[in-house]
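Inspection log for the structure reproduced underneath, given as structure tokens.
What follows is calculated from the coordinates using simple rules that are stated; it is not laboratory data. This one's a predicted model, so the numbers in the text were calculated from it and none came from an experiment. Neighbour counts run over all protein chains shown; Cβ positions are idealised from the backbone, glycine included.
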Amino acid sequence: MTMQKHWRNRRSLYRLEGAQCMDCGRVFYPPAPRCVYCGSGRLERKQLPRRGTLVSYSVVYSVSDEGRKEAPVIVGLIDLGDAKVIAEVTDADPDELQVGIQVEAVLRRLGVQGESGVIYYGLKFRPALGAD
Amino acid sequence: MAYVTGAGMVKIDRHYSLGVRELAAQAAEKALEDSERSSVDFVIAASSLSFMQEPQLDLASYLASTLGLRGVKALTVEAGEASGAAAVQAALALVKSGLARRVLVVGVDKMTDYNSPETYRHLQHLYDTVGEGFHKIGHAGIAGILMRLYMTEYGVDREVMAYWSALMHANAKENPYAMLRFALDPSKVKNAMPLADPVTLLDAYPLGDGAAAIVIESSPGRAMASILTVESATGYPSVAHRQNPLHIESLAEAASKAGIMGGDGRMRIDFMEIHDSFTITAFMILETLGASDKGKAAEDAAEGRYSRDGELPVNPSGGLKARGHPIGATGFYQYAEAAMQLAGVFPGVKVGDAKRGAVVSLNGFGSSSYVGLLSRP
């Protein structure tokens, strides 16, 4: 990954911004120039809820070298109500994680480019504090 | 009409001594020899990883030279894991439109020149790199999410799911071109090395090098099979965009256009070669096509519906799971195997009296889907 690519995606990565279609009304993430559902170009940026339900997850061991140090990496499918997203899950013990729990977005380090390169940040999800 | 007049495959393996072009040439020369042709109008090369692994761009032109076909028209097709099917679709358009009479289509990929983590990084690019592919999902993370969702949603027992891999190994054992030619005990699958829990090594395709080729012509000559159609549709960029992530909408669309389902809900084919990159992919495909009811594909597979003597034999080759899945080449293995089945010359598990067969290819979990329909000539 390059710094440029990270910068281009900063709004979805830092602020959990998706898009809402003014024609079909649906919400999706990450934002794109046209609605992934109906193809309309009439879209508005929409900040997604930072809390949602963990619908499913996987504990990934077969990661590239960039992820070796943190392996296994947990990735989850999270339902935020308006839209579903796939993102990393953090602060969780793989053995204790369960489908259906509440999770919340938190800003975390995503990776480092080389030994002295840029440190990338972005949103991950952790089990919600004070979860019901 | 378009006919398959020749097919050539290389055994999927770790071919350290062969580069991408040499591997492709072996398959291409076999296909040309098989079709008893030495000249073609067009060479279409399909490859996905060779841009990163070899690395080589404009592969088709260099391959034409390797084959001694300098001067021929050449085109390279990349469509991720569906590259092979996309190239066959392009060849079909050329032949049916009269722009070409004879096309050599060849698929090749090497996956073993780098260590596995580096190959996982390459494979991660099959997913949307500004969406889920941005995260450290590796090659199997989405499969893991979908497999757990399947188990939760339908209450399917993990042990029953293991019969798919066992069936694929049983078929591959008889296929001389397959990478994993040994029987697999289903009780070993669940506790094998985890790739993306609950997906284990034994739920996933192996990393191997391979090349396969077919010759497609407008005149029947000594045709092995007719390609009636190759239909396709693009899908959502992520499974997260789907209402039901386990339903592959692009596949449903491609299958409906190809007309492989009869009005009575039964499939109008005698066998299928499908894209079982992971156990869960196989079940999603079978259920999206309506061959199994939702949540029932694992049980149906365990009970023999998809075995060689079952109601609908699926992947007599051993599938991606055991024949292997050299990404850009896989589609050509599928089409070559289907054509050989219809001609009665497939050197592995034979489907008795097969008149029509289908080939299902996907990228990822359906960012695009292809359905090919073949028949006896």
Can you give me the relative contact order of chain A as a percent, contacts being Cα pairs under 8 Å and 6 or more apart?
21
Sort B:278, B:134 by Cβ crowding within 10 Å, fewest neighbours at the top.
B:134, B:278
Tabulate in residue order the Karplus-calculated ³J(HN,Hα) for segment B:287-296, using 6.51 cos²θ - 1.76 cosθ + 1.60 with θ = phi - 60°, rounded to whole Hz; enter x for Gly and Pro.
7, 5, 6, x, 5, 10, 6, 4, x, 10
With only Lys, Arg, Asp and Glu charged, each at its Cβ (+1 for the first two, -1 for the last two), find how big the charge dipole of segment A:1-61 is about the Cα centre; round to the nearest 20 debye.
220
Computed from the beta carbon distance with a Förster radius of 51 Å, FRET efficiency for residue B:293 and residue B:101 to the nearest 0.05 stands at 0.70
Normalising by the residue count of chain B, find the relative contact order in percent from Cα pairs under 8 Å and 6+ residues apart.
26
Expressed in nanometres to one decimal, the distance between label points 7 Å along Cα→Cβ at residue A:42 and residue B:152 is 3.6
Roughly how many nanometres apart are two label points built 7 Å out from the Cα toward the Cβ at residue A:70 and residue A:98?
2.6
In Hz, Karplus ³J(HN,Hα) per residue of segment B:230-236 (6.51, -1.76, 1.60; θ = phi - 60°; x = Gly, Pro):
10, 9, 8, 8, 8, x, 6
If you take the beta carbon distance between residue A:50 and residue A:23 as r and set R0 to 45 Å, what does 1/(1 + (r/R0)^6) give as a FRET efficiency, to the nearest 0.05?
0.95
Report, by chain and number, residues whose modeled amide H sits under 5 Å from the one on residue B:74, excluding near sequence neighbours (fewer than 5 apart, same chain).
B:43
Please rank A:7, B:164, fewest neighbouring Cβ atoms within 10 Å first, as an exposure proxy.
A:7, B:164
Assuming R0 = 56 Å, what is the FRET efficiency of residue A:113 and residue B:70, from their Cβ-Cβ distance, to the nearest 0.05?
0.85
Sequence order, segment B:209-222: Karplus ³J(HN,Hα) from phi using 6.51 cos²θ - 1.76 cosθ + 1.60, θ = phi - 60°, Hz rounded, Gly and Pro as x, gives 9, x, 8, 8, 8, 9, 10, 10, 10, 7, 9, x, x, 9
Shape of chain B, Cα gyration tensor, a/c cut at 1.5:
prolate
Quick calc, chain B, dipole around Cα centre from Cβ unit charges on Lys, Arg (+) and Asp, Glu (-), nearest 20 debye, gives 600
With +1 on the Cβ of every Lys and Arg and -1 on the Cβ of every Asp and Glu, the dipole magnitude of chain A about its Cα centre, in debye rounded to the nearest 20, is 760
Angle between the Cα long axis of helix B:83-97 and the longest principal axis of chain B, 0 to 90 degrees, nearest 10?
40
Farthest toward the dipole's positive end in segment B:282-370, which of B:313, B:335, B:370, given Cβ charges of +1 (Lys, Arg) and -1 (Asp, Glu) about the Cα centre?
B:335
At 4 °C and 1.567 mPa s, grab the translational diffusion coefficient of segment B:290-362 from Stokes-Einstein with a Kirkwood Rh over Cα pairs, rounded to a whole number in µm² per second.
99
Taking the alpha-carbon centre of each part, the distance from segment A:57-77 to segment B:304-365 in Å is 32
Under the rule a/c < 1.5 gives rounded, and otherwise a/b versus b/c splits prolate from oblate, where does segment B:1-159 land using the Cα gyration tensor?
prolate
Amide H within-cut-off set for residue B:101, under 5 Å, with H built and near neighbours excluded
B:41
Whose amide H sits under 5 Å from the amide H of residue B:325, counting only residues 5 or more places off or on another chain, with H placed in the peptide plane?
B:208
Once you sort the root eigenvalues of the Cα gyration tensor of the protein assembly as shown as a ≥ b ≥ c, which label holds: rounded (a/c under 1.5), prolate (a/b larger than b/c) or oblate (the other case)?
prolate
I need A:59, B:105, B:20 ordered by Cβ neighbour count within 10 Å, fewest first.
A:59, B:20, B:105
Compare the Cα positions of B:202, B:64, B:326 along the charge dipole of the protein assembly as shown (+1 at Cβ of Lys, Arg; -1 at Cβ of Asp, Glu; about the Cα centre) and return the one farthest towards the positive end.
B:64
